[in-house]
Amino acid sequence: GFRMGIVGLPNVGKSTLFNALTKTAAAQAANFPFCTIEPNVGEVAVPDPRLDTLAAIAGSKQIIPTRITFVDIAGLVKGASKGEGLGNQFLANIRETDAIAHVLRCFEDGDITHVEGRVDPLADADVIETELMIADMESIERRLANLSRKLKGGDKDALDQDRLLRQALAVLNEGRPARTIAVSDDDRRAWDMLQLLTAKPVLFVCNVAEDEAANGNALSEKVREMAEAQGAGHVVISARIEEEISQLDAEEAQMFLGEMGLEEPGLDRLIRAGYSLLGLQTYFTVGPKEARAWTITKGTLAPQAAGVIHGDFEKGFIRSETIAYDDYVAGKGEAGAREAGKLRVEGKTYEVKDGDVLHFLFSG
Ligand code: GDP
């Protein structure tokens, strides 16, 4: 599955957010830097109202949302790239994620210690980003040194790696993260294999006070500008509110949200923002037994989409009966959509669209 790492300086609200996300008490929030030392991992259902609509139409007994994994990566501080504050382990944890949710403290509270002694989300973002850039530069230098022998042999992969590493190093030396490099389709695979920390897509998460959750504040506004300038994602959230909501039942939560002037939990926005940051989309399988959502990357062809369900589906793929979500709803189900001529039979070269309701036919 897809993994998002939650990073940020100590005491910005990572654990509070992670706990709310996963509703576990495992990662305990405490006003104490380094309180969560082990990386905490939690799976979260991706909220998608379309799935409930499909299940209602088909009378599905079970609803199975698709999931995304969050990892609470604590302990990233100034000096982490030098191994301070248990830094190296954390950098290794970040390397294993597909994207980064970078939590920034945008709330004032004299009772909560700030490790740098002031509330300044842009400066905080810089501290973390600098550590990640230093870590990338060091790993690039090491790898370039290791490559030099292979280069003499004229190895094509080694030449590609060498070129990309040097390109990344030049950008990092200018103080910019590797994600600002426009990578060509041809280079994409080799680039991803480099696993640079600052090449991962970033979602900035502004943690604001409870009464600012609906509209943000001056600090979160600055973060928004910074994120937009870099092509990064951003979302405003109040970790405290999310913590409270996570302890309520659905009806109470809806009332509470209304009182706070919010349409939906911030976590729903966070998860969706992470989903789109990763270039992910959803297709559905719907029947009387279950309605289920599946995650694929944009551009995935039908056989590979089938392979997400089971490897055999991909190997023996014959065709896919396909109904767009809107057509399924308009036809009040598969039979109606079929009658309206909206059921398409698609083959191996079909690029699955977000919201497609699919039924795979396969041999074997
Ligand atoms: P972490 O070190 O980044 O994981 O931070 P925690 O989630 O442990 O939070 C540190 C402290 O800040 C805890 O006491 C939280 O209750 C508090 N905190 C988190 N979010 C907010 C917020 O939005 N407002 C206020 N006032 N306190 C918060």
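Listed here are the residues, each with its yes/no results for (1) outside the structural domain of A199 (by TED's automatic domain parsing); (2) free of Cβ contacts under 8 Å to residues at least 60 places away in the same chain; (3) in contact with a helix residue (DSSP H, G or I) (Cβ under 9 Å, 6 or more places away or on another chain).
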| site | (1), (2), (3) |
| --- | --- |
| M226 | no, no, yes |
| A239 | no, no, yes |
| D249 | no, yes, no |
| M255 | no, yes, no |
| G258 | no, yes, no |
| G266 | no, yes, yes |
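Restricted to segment 220-239, and to residues there that are surrounded by 20 or more Cβ atoms within 10 Å (Cβ to Cβ) and over 18 Å from the mean Cα position of the chain (by Cα), the residue that is nearest to D126 (Cα to Cα) is V223. Checked against (1) part of a strand (DSSP E or B); (2) within 19 Å of R240 (Cβ to Cβ); (3) of a type in the set (K, R), R292 passes all but condition (2). Restricting to segment 297-310, name every residue that is small (G, A, S) and either in a strand (DSSP E or B) or surrounded by fewer than 19 Cβ atoms within 10 Å (Cβ to Cβ) (or both). Matches in segment 297-310: G299, G307.
Looking at (1) in contact with a helix residue (DSSP H, G or I) (Cβ under 8 Å, 6 or more places away or on another chain); (2) among the β-branched types (V, I, T); (3) under 27 Å from Q89 (Cα atoms), which is the only condition V208 fails? Going through (1) in contact with a helix residue (DSSP H, G or I) (Cβ under 8 Å, 6 or more places away or on another chain); (2) among the β-branched types (V, I, T); (3) under 27 Å from Q89 (Cα atoms) one by one, V208 breaks only (3).
Within segment 317-362, the set of residues being touching a residue at least 24 places away in the same chain (Cβ under 8 Å), more than 17 Å from A305 (Cβ to Cβ) and assigned to a helix (DSSP H, G or I) comprises D326, V329, E334. Among the residues of segment 243-296, the ones that are touching a Pro at 6+ places or on another chain (Cβ under 6 Å) and surrounded by 18 or more Cβ atoms within 10 Å (Cβ to Cβ) come to 3 in all. Scanning segment 90-129 for residues that are over 20 Å from T16 (Cβ atoms) and either among the basic types (K, R) or within 11 Å of the ligand (Cβ to nearest atom) (or both) yields a count of 2.
The values are calculated or read from the model by the stated rules, or taken from the named source; none is laboratory data. Just so it is clear, the model here is predicted, and its values are computed rather than measured. Glycine gets a Cβ as well: all are built from the backbone with ideal geometry, and neighbour counts include every protein chain shown.
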